[in-house]
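Here's the structure, in C-alpha cells; my notes come after.
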Amino acid sequence: MLDYSVVVPVYQGQDTLATLTAQLHAFFAGTHRSFEIIFVYDCGPDGSWAVIRALQAQYGPELVRAVHLTRNFGQHNALLCGFGEAQGRFIITLDEDLQHRPADIEQLITRQQQGNFDVVYGQLQELQHSPFRNVASRAMRQLLRAGIPDLHPHFSTFRLLKADIARACLDMRNSHTFLDGYLTWLTTHVASTPVTHQPRAAGSSGYTLGKLLAFSLNIFVTFSNLPIRLLTVLSVLVFLLTSAYSVYVLVRKLLYDDYLLGFPSLIISIGFGVGLIMLGLGILGEYIYRINLKTTRRPNFVKRTMED
C-alpha cells in the first residue's frame, strides 16, 4: 500500500497543474515516501484535461492518475470520487491553484504523527483572496460554525485524512455534499497546523457571491439542526403565550363578563388555533430533520482500526 494519496479536484487548472505536479513530486521524492497524485477533472471551462493527460504521459499513470467526471459535480463531490480511487494509507487534499504550498504537507504529516489524529487541517494564516472574497469567506465560516458547532474552527480544503475516515464519507449520500460536515459526524480526533496561503497563481476563483451564498445556505440547512430548533422553541413559546391569553380571556369572561359579544370565543379559537398550528410545525420540523439524517446515512458509529 502507498503511504499517501494526493487528491486534487480540477476545474480551472490548465495554467497551474504542471507546476503543482512538479512541486508535489519534488516534495515526496525528498522525503522518500511513496505517493500518488489523483486529479479528478470536474469538467471546467478550460483545457485542464489535456494538461492532465500530458502529465500522465510525463510522470507515468501509476504516479499521476486521472478521473474524468461526466459533468461538473462540484469540489466536494469530486473529492469523494478521489477518495474512492485512493490507494494510500493517508489522503491529502489541496486546491489546484497553488494557493496551498505542497511543501507545507510536511506540517500536516508532522502534526498527524504527534497525536495520531484522524484529520489534520491546514490553518491558513493570511488569506490571499480578493478583499471581497476574504470577507465573504469569513462570513460563511462564521455562519457554518454557528450552525454546526462540532465543525473545526480552522477547517479548510488543505487537509490530511486517514484513509478509513475518508472512505467512510463514501457511505453517506446527500444532494448537498459538505465534506467537512461529514467529518464532524465521523470523528472528533481532529487537529490543525499553521500553513501558508499564497496568492492565486493564475485564473480566477469559480466561487462567485451567488455560489458562496447558495453553498452556505444549502449546507446550513442540510447539516445544521439550528433552524429546526429555533422553529421548535418559537412554536412552543407561541403556543404557551396564546394558550395563556386564551385562558385569561375565558376566566375574565366568566368573572366579569365585560367583553363585547363574540370577542372571547373569537380570541380563544384564534389563540388555540394558531398555537396548535405553530406547535404542529415545530413537531413536523423535528421529524423532517430526523428523516434528513436517515436519508443522509449518518453513521451510528465508526470503529477505530487496531493500529490506532
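What follows is calculated from the coordinates using simple rules that are stated; it is not laboratory data. Quick caveat, the model's predicted, so the values are computed rather than measured. Glycine gets a Cβ as well: all are built from the backbone with ideal geometry, and neighbour counts include every protein chain shown.
Things to note:
- Nearest-ten-degree value, helix 209-223 long axis tilted from longest Cα axis of the chain: 70 degrees
- Footprinting exposure proxy ranking of 31, 187, 193, 70, fewest other C-beta atoms within 10 angstrom first, gives 70, 31, 187, 193.
- The chain, helix-only ellipticity at 222 nm - DSSP H runs n ≥ 4, -39,500 (n - 2.57), divided by all residues, nearest 500: -17000 deg cm²/dmol
- Rounded D (µm²/s) - the stretch 226-296, Kirkwood Rh over Cα pairs, Stokes-Einstein at 25 °C, 0.890 mPa s: 182 µm²/s
- Packing-based order for 156-166, 248-258, using average beta carbon neighbours within 10 Å, highest first: 156-166, 248-258
- Stokes-Einstein translational diffusion, the stretch 1-69 - Kirkwood Rh over all Cα pairs, 0.890 mPa s, 25 °C, in µm²/s: 203 µm²/s
- Loop-located GluC sites (Glu not before Pro) in the stretch 19-126, at most 11 other Cβ atoms within 10 Å (DSSP): 62, 126
- Between 243, 48, 34, the GNM of the chain built on Cα springs shorter than 10 angstrom shows 243 fluctuating the most.
- Average projected area [Cα convex hull, the chain], square nanometres: 20.8 nm²
- Extension gain, residue 260 to residue 248, is 2.8 nm, computed as 0.36 nm per intervening residue step minus the present C-alpha separation.
- The chain: angle of helix 131-147 to the longest principal axis, Cα-based, in degrees nearest 10: 60 degrees
- Placing a pseudo-label 7 Å from each Cα along the Cα-to-Cβ vector at residue 290 and residue 218 gives an inter-label distance of 2.8 nm.
- Residues with amide H under 5 Å from that of residue 7, placed H, sequence gap 5 or more: 38, 92, 93, 94
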